[in-house]
Amino acid sequence: MKRRIPKPDNATLDRVVADAQRGRVLREQGYREQALKLYPWICGRCAREFTRENLRELTVHHRDHDHDNNPADGSNWELLCIYCHDNEHARYVDPSAPGEDRAPAATYQAFGQLADLLKK
Ligand SMILES: [Zn+2]
Ligand SMILES: [Zn+2]
């Protein structure tokens, strides 16, 4: 009798990935809406004004380039048109983090260890 080798459960994996992506999209919509409520619909660089018709071209930039840093007072957000937003990112060169999307996991860990050390 042949033993069956259990296959990795791809369906579960796909669902986890899909859930994570959906969570990300929801989170982004959340802070975009908040930022649009907090700030006038004007690009922070070229001062272009926006209306409901072209609001798609107004994006939320994170001043510290960390998408996960979303304080409720909006202090890390800046409304930029898509062009100025592109410029802003072209200027920002950090060899260890080529994209804003990359979570600074190493930093979190370091802070966690530091907290542990301080507790002792
Ligand atoms: Zn602009
Ligand atoms: Zn940005």
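Cβ-Cβ distance of Thr51 and Glu28, R₀ of 30 Å, FRET efficiency by 1/(1 + (r/R0)^6): the value works out to about 0.90. One chain, two ends: Asp86 and Asp68. Fully extended at 0.36 nm per residue, the span grows by 4.6 nm beyond their Cα-Cα distance. Tell me which residues come under 5 Å, amide H to amide H, from Arg45 once H is placed; ignore anything under 5 positions away on its chain. Hits under the 5 Å cutoff: Cys81. With a cut-off of 13 Å between beta carbons, the residues surrounding Cys81 carry a summed charge of -2, where Lys and Arg count +1 and Asp and Glu -1.
Read the figures in this text as sums done on the coordinates, not as results from a lab. Model, not experiment: these values are computed from the prediction. All Cβ positions, even for glycine, are placed from backbone atoms using ideal geometry, and neighbour counts span all protein chains on display.
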